[in-house]
Amino acid sequence: LSETVLVSLEAGVLRLTLNRPDKLNSFNEDMHRALRAGFERAAADREVRAVLLTGAGRGFSAGQDLGDRDPRKGGGAPDLGHTLDTFYNPTLRLIRALEKPVVCAVNGVAAGAGANIAFACDIVFAAHSAKFIQAFAKIGLVPDAGGSWSLARILGEPRAKALALLAEPLMAEQAADWGLIWKAVDDADLLAEATATATRLAAGPTRGLGLTKRAIQAAATNSLDAQLDLERDLQREAGRTRDYAEGVTAFLEKRPAEFSGE
Ligand code: T3D
């Protein structure tokens, strides 16, 4: 069993903790595989109704482990396209396709692909002391792990380009002000607040929440017409869930709903 990602399940929340703290949770192949396996489990396991992603130690993730890319070790230029295909891209796609909420608690610096994996999550909390760095420009690379997409879409070109070209740190508070993340919170409260949110979501109408995620993500590329059709289709599906019947019944009976996730 890999120790590079710690995995625990409590109250329907699958907590995935990136765990290479002495390397600021930078990604080696083992951590890639373990994180991907975590999200595959989240998709397959009915007990899992939300995911919480965080990092061990003082950082969230410093992106790719550059020790594994040392040109001084010889062997010629690596095929980084292949490593994106094999590692980062499948995980990004899993996070986006997972029809369960993914909460991220950015506990410290998030650099390179580490930042962009955080931006792919659904609800992102960051500690006030955390910062986001598009570190790629410092080593001659291009933003990856979905960063060029999410930064441009969320921030627009001027801010996306400045962040990517200058590789300057963006503090958590500013990231929240710009709409890149949900909230910046006190360092001491980060894990409790993110866990409470993930736990609340895990007790929610999982299928409806998953369909909501799908609808909002589809809006980025749909016309209004296509989106209206999609809402009709998804609402039809949501209207057939047990949780919808329970939600309406609970409202009419003036009691809290007890959602099963079905
Ligand atoms: O290759 C492919 O597959 C393509 C995909 C690429 C995706 C990417 O993510 S490319 C971008 C890679 N990441 C970076 O370029 C960031 C490199 N790290 C930093 O710039 C800084 O470490 C930070 C700004 C993130 C944090 O700075 P600071 O001063 O808080 O910490 P530090 O002292 O630099 O780092 C602490 C330790 O972690 C240190 O180890 P040591 O000296 O105590 O033994 C440092 O070497 C290590 N570390 C930090 N980042 C990485 C790393 N080791 C390997 N790879 C790292 N990315």
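The values are calculated or read from the model by the stated rules, or taken from the named source; none is laboratory data. Source: prediction; values computed, not measured. Neighbour counts are summed over all protein chains in view; Cβ atoms, including those assigned to glycine, are modelled from backbone coordinates with ideal geometry.
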When the stretch 1-19 is examined, which residues are found to be part of a loop (DSSP other than H, G, I, E, B) and in contact (Cβ under 8 Å) with a residue 40 or more places away in the chain?
-> ALA11, GLY12
Given the structure, is ILE117 surrounded by fewer than 20 Cβ atoms within 10 Å (Cβ to Cβ) and either under 24 Å from ALA50 (Cα atoms) or more than 15 Å from the ligand (Cβ to nearest atom) (or both)?
-> no
Applying the selection to the stretch 20-35, what residues are in contact with a Ser or Thr (Cβ under 8 Å, 6 or more places away or on another chain) and surrounded by fewer than 18 Cβ atoms within 10 Å (Cβ to Cβ)?
-> ASN28, ASP30, ARG33
Out of LYS183, LYS138, report the one residue that is more than 14 Å from the ligand (Cβ to nearest atom) and outside the structural domain of ILE216 (by TED's automatic domain parsing).
-> LYS183
Given the conditions (1) assigned to a helix (DSSP H, G or I); (2) crowded, with 19+ Cβ neighbours inside 10 Å, and given that ALA184 satisfies all but one, which numbered condition is not satisfied?
-> (1)
Restricting the first residue to the stretch 82-97 and requiring it to be of a type in the set (Val, Ile, Thr), which pairs with a second residue that is more than 10 Å from the ligand (Cβ to nearest atom) and not in a helix (DSSP H, G or I) meet a Cβ separation below 8 Å and a spacing of at least six or different chains?
-> ILE95/VAL102; ILE95/CYS121
Kindly indicate the residue of the stretch 59-78 that is near the ligand (Cβ under 9 Å from one of its atoms) and farther than 11 Å from ALA111 by Cβ and also surrounded by the most Cβ atoms within 10 Å (Cβ to Cβ) among those meeting that condition.
-> ASP65
Residue within the stretch 57-80 that is of a type in the set (Ser, Thr, Tyr) and outside any strand (DSSP E or B) present | no
Residue pairs qualifying under the 6 Å Cβ cut-off, at least six apart or on distinct chains, with the first in the stretch 115-137 being of a type in the set (S, T, N, Q) and the second being buried (at least 22 other Cβ atoms within 10 Å of the Cβ) and assigned to a helix (DSSP H, G or I), are ASN116/GLY147; GLN134/LEU163
Which listed residue is away from the ligand (no atom under 14 Å from the Cβ), surrounded by 22 or more Cβ atoms within 10 Å (Cβ to Cβ) and at pLDDT 95 or above, from LEU94, LEU98, LEU53 | LEU53
Within the stretch 16-35, can you find the residues that are under 13 Å from GLN64 (Cα atoms) and either outside the structural domain of GLN64 (by TED's automatic domain parsing) or among the acidic types (Asp, Glu) (or both)?
-> GLU29, ASP30
Quick one: PHE87 ticks every box in (1) in contact with a helix residue (DSSP H, G or I) (Cβ under 6 Å, 6 or more places away or on another chain); (2) farther than 18 Å from VAL5 by Cα except a single one, so which number is it?
-> (2)
Please indicate, with yes or no, whether at least one residue in the stretch 154-172 is within 18 Å of the chain's Cα centre (by Cα), within 9 Å of the ligand (Cβ to nearest atom) and assigned by TED's automatic domain parsing to the domain that holds GLY55.
-> no
Please enumerate the residues belonging to the stretch 203-245 that are among the small types (Gly, Ala, Ser), at pLDDT 95 or above and part of a loop (DSSP other than H, G, I, E, B).
-> ALA203, GLY204, ALA219, SER223, GLY239
Among the residues of the stretch 122-132, is any in a strand (DSSP E or B), in the same structural domain as LYS23 (by TED's automatic domain parsing), near the ligand (Cβ under 9 Å from one of its atoms) and within 15 Å of the chain's Cα centre (by Cα)?
-> no
So GLY208, is it over 29 Å from PRO256 (Cα atoms) and without any contact (Cβ under 8 Å) to a residue 40 or more places away in the chain = no
